[in-house]
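The values are calculated or read from the model by the stated rules, or taken from the named source; none is laboratory data. For clarity, every value in this text was computed on a predicted model and none was experimentally measured. Here Cβ is always computed from backbone atoms with ideal geometry, including for glycine, and neighbour counts include all displayed protein chains. To get the accessible areas, we keep the full protein, side chains included, count just its heavy atoms, and leave off ligands, DNA and RNA. Shrake-Rupley method; radii C 1.70, N 1.55, O 1.52, S 1.80 Å.
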Amino acid sequence: MPLRKRVRTFVFVCCAFASSAGIALAQSAGPQPLPMPAQIAAPKDVPYAGTLQLDVDATDLDRHIFNVRETVPVRGGEPIALLYPQWLPGEHSPGGQADMIAGLTISANGAPVAWTRDPVDVYAFHVNVPAGATALDVKFQFTSAIEGNEGRIVMTPDMLNVEWPSVALYPAGYFARQIMVAASIRLPAEWQLATALETASTSGDTTKFKTVSFDTLVDSPIIAGRYFKRLDLDPGGKVPVHLDIVADRPEQLEVKPEQLDAHRALVQQAYKLYGSHHYDHYDFLLSLSDQMGGQGLEHHQSSEDGTAPTYFTDWDKNTDSRDLLPHEYTHSWNGKFRRPADLWTPNFNVPMRDSLLWVYEGQTQYWGFVLAARSGMLSKQQTLDAIAATAALYDHRAGREWRPLEDTTNDPIVASRRPLPWRSWERSEDYYSEGELIWLDADTLIREKSGDRKSLDDFARQFFGVNDGSYVPDTYQFDDVVKALNAVQPYDWAAFLRARLDGDGPGAPLDGIARGGYKLVYMDTPTDSWKASETRRHGADLTYSLGMVVAGDGRVADVLWDGLAYKNDFTIGSYIVAVNGVAFDPDRLTAAVKDAAHSSAAIELLVRSGNRFRTVKLDYHDGLRYPHLERDANTPARLDQILAPKN
Ligand SMILES: [Zn+2]
């Protein structure tokens, strides 16, 4: 899963807090807890008898509804619990959309069968299977989001994305790899699909897939669309790798030769890095749309990559999304194949634990950028600009004073990617990009200590490259990471990592930049990448001058904790209405900051918060400040070596 934020629905839960003050009554006189409901069968590593049949009709484009028919083999007279997947791989959180199931009916031998939802585990449905029944016929709809505030939009008039956990129930009591399922999909006429699943047969608009385990099904989503293109990314390679593209409009499918070359180089550079592959075939499922929700979700043999419709057609303006495919591809090695032991679960309703996401996501974030540079998806300068932006961000992360990085690995569960009012103080999923800085630190340290003979490339090959061809998850713990680092370069890696995971205080881990031969500096002009990002977002990112980001309509989109805007009572959602007496626009605000560097006059802003207006005078004269990496000639340019393509 990449750093990009998805808009998700969120729900406020009302809690009644009982004060203990003054309660001196005999405790036994008060209420006593009711026993919890009976446990749902824990998953066992034994085969489920029979094969589930799962048929999904994805043709109701107007209503965004997926109609599901499922046949679940059962033993008559034995109760069963059917589970809706809750803990989704790659999301690292209980993100299953049980609120979007409707119309659930169950029958056996043509007669209705009652179901009841478990009141504690609301993702479980209890069914008393009638005597004599051999199968349950299950029908329901997945009423997927119509508007973005309901969840990610996965169906548009021109494309769709089937994520199997949304459209399947499965029996409790078994490891997901022990439940076999034969799935089919019905698509709108003339649409084409792509998936890592292998086709068994096609009839009309319906495609039947070869029987796989429920585990593999959940790991094998589909994209389909009216406008579709499939490109071979490894012609003549050991195993097929394809780029499957759906787009809002046919002209968005046009891929220039140099763009195809960069995507092909990505595959070769990944092979040179890892020395292995962990799939029989791999499909990048790339959706280019401003109608369907963006996505980055990793799988063993595919990835869901949803980004801007102009990904190819405005290549130079979309540098922000250029690490998406390198990131998700890396996950086939780091995350799917090598997986943290506490994150692996036997089925999709056992809670995950996220303590090692600084490896799973942090090192993937690192290799995502390195592979983007090595393959030519990003230029060296664009990659340096991205590292500068990340370094500055975490160097100003006030929340580092109270919250250790490792604690942020709980964020997918704690915060579920809801918007945060004070991200720089609360912290967020910082293990991604602060993790990236830690791995740059480790890489350059290995290089320095080994006289530049060893590097994190050796770790990648030895840790992620084992068992070439296998995609059975190979789990690891903290000590395994330390051991593998020590095998590359002897050092007290446990202390190195613990200091960075548990430590706090100001200042980001920037030693990797220094050892890489660069310095983080601030200049009064932005990098090209920064400028392109501002232009695309139609806003002004003045984080390191005024301490805030302002959108094109004047809405304050982020406020840096303890920065100048914070000290002047700005919050997210305030609006800057006017700058020095003239109507707001982002360029006017930027120009005012620039001009104030040569003037003693304060910057005067008219600000609206709710229905209140006020005038704010910012006595700020330090000018515009944007992060850059500047070469330090006293240290070898290790960062240049890291970003150079491997031969
Ligand atoms: Zn990721």
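How many of the residues making up the stretch 563-602 are crowded, with 20+ Cβ neighbours inside 10 Å and in contact with a His (Cβ under 9 Å, 6 or more places away or on another chain)? So the count comes out to 3.
Scanning the stretch 607-632 for residues that are part of a loop (DSSP other than H, G, I, E, B) and free of Cβ contacts under 8 Å to residues at least 60 places away in the same chain, we see that the one that is surrounded by the fewest Cβ atoms within 10 Å (Cβ to Cβ) is ASN611. In this structure, is ALA484 open to solvent by less than 10 Å² (accessible area, probe 1.4 Å), among the aliphatic types (A, V, I, L, M) and modelled with pLDDT of 95 or more? No. Scanning the stretch 222-243 for residues that are under 24 Å from the mean Cα position of the chain (by Cα) and either among the small types (Gly, Ala, Ser) or closer than 14 Å to LEU187 by Cβ (or both) turns up ILE222, ILE223, ALA224, GLY225. Residues in the stretch 545-562 that are surrounded by fewer than 24 Cβ atoms within 10 Å (Cβ to Cβ), touching a strand residue (DSSP E or B) at 6+ places or on another chain (Cβ under 7 Å) and part of a loop (DSSP other than H, G, I, E, B): GLY547, ALA551, GLY554. Counting only strands (runs of 3 or more DSSP E) wholly contained in the stretch 133-204, the ones carrying 3 or more residues that are buried (at least 18 other Cβ atoms within 10 Å of the Cβ) occupy 135-143, 159-162, 180-186, 192-195. Residues in the stretch 563-606 that are over 23 Å from LEU420 (Cβ atoms), in a helix (DSSP H, G or I) and either in contact with a Cys (Cβ under 7 Å, 6 or more places away or on another chain) or among the aliphatic types (A, V, I, L, M) (or both): 5 in all. Listed by first and then second residue, the pairs linking a residue in the stretch 548-563 that is charged (D, E, K, R) to a residue that is outside any strand (DSSP E or B) and buried (at least 16 other Cβ atoms within 10 Å of the Cβ), with Cβ atoms under 6 Å apart and 6 or more places separating them unless they lie on different chains, are ASP562/ALA398. Would you say ASP248 is among the charged types (D, E, K, R), within 24 Å of the chain's Cα centre (by Cα) and crowded, with 23+ Cβ neighbours inside 10 Å? Answer is no for this residue. Considering only residues that are free of Cβ contacts under 8 Å to residues at least 12 places away in the same chain and either among the hydroxyl-bearing types (Ser, Thr, Tyr) or within 21 Å of GLU401 (Cβ to Cβ) (or both), which ones fall in the stretch 485-527? Residues satisfying the conditions are ARG498, ALA499.
Here the stretch 39-52 is the region considered, the condition is being aliphatic (A, V, I, L, M) and within 15 Å of ARG75 (Cβ to Cβ), and the residue that is least open to solvent (accessible area, probe 1.4 Å) is LEU52.
Return the only residue of ASP62, ASP55 being in a loop (DSSP other than H, G, I, E, B) and either at pLDDT 95 or above or open to solvent by 40 Å² or more (accessible area, probe 1.4 Å) (or both). Answer to the check: ASP62. Every condition in (1) open to solvent by 10 Å² or more (accessible area, probe 1.4 Å); (2) assigned to a loop (DSSP other than H, G, I, E, B) is met by LYS208 except one, and the failing one is (2).
Among residues of the stretch 316-341 that are charged (D, E, K, R), those with a beta-carbon under 7 Å from a residue that is within 10 Å of the ligand (Cβ to nearest atom) at least six positions away or on a different chain give the pairs ASP323/GLY368; GLU328/PRO2; GLU328/GLY296; GLU328/GLU298; GLU328/SER303; LYS336/GLU298. Has the stretch 100-123 got any residue that is within 21 Å of GLY294 (Cβ to Cβ), surrounded by 12 or more Cβ atoms within 10 Å (Cβ to Cβ) and at pLDDT 95 or above? Yes, the stretch 100-123 contains at least one residue that is within 21 Å of GLY294 (Cβ to Cβ), surrounded by 12 or more Cβ atoms within 10 Å (Cβ to Cβ) and at pLDDT 95 or above. Restricting to the stretch 633-646, name every residue that is open to solvent by 20 Å² or more (accessible area, probe 1.4 Å), assigned to a helix (DSSP H, G or I) and under 23 Å from THR525 (Cβ atoms). Passing the criteria: only ASP640.
Please determine whether any residue of the stretch 580-594 is in contact with a helix residue (DSSP H, G or I) (Cβ under 8 Å, 6 or more places away or on another chain) and farther than 29 Å from SER428 by Cα. The answer is yes, given that some residue of the stretch 580-594 is in contact with a helix residue (DSSP H, G or I) (Cβ under 8 Å, 6 or more places away or on another chain) and farther than 29 Å from SER428 by Cα.
You will find that of ALA194, ALA183, ALA189, ALA145, the residue that is touching a Gly at 6+ places or on another chain (Cβ under 7 Å) and over 18 Å from ASN347 (Cα atoms) is ALA145 and no other.
Hey, any hits in the stretch 446-463 for a residue that's touching a Leu at 6+ places or on another chain (Cβ under 7 Å), within 16 Å of the ligand (Cβ to nearest atom) and open to solvent by less than 10 Å² (accessible area, probe 1.4 Å)? Within the stretch 446-463, one or more residues are touching a Leu at 6+ places or on another chain (Cβ under 7 Å), within 16 Å of the ligand (Cβ to nearest atom) and open to solvent by less than 10 Å² (accessible area, probe 1.4 Å).
For residues in the stretch 524-560 being in contact with a Gly (Cβ under 8 Å, 6 or more places away or on another chain) and of a type in the set (Val, Ile, Thr), which is nearest to PRO586 (Cα to Cα)? Only one residue tops the list, namely VAL550.
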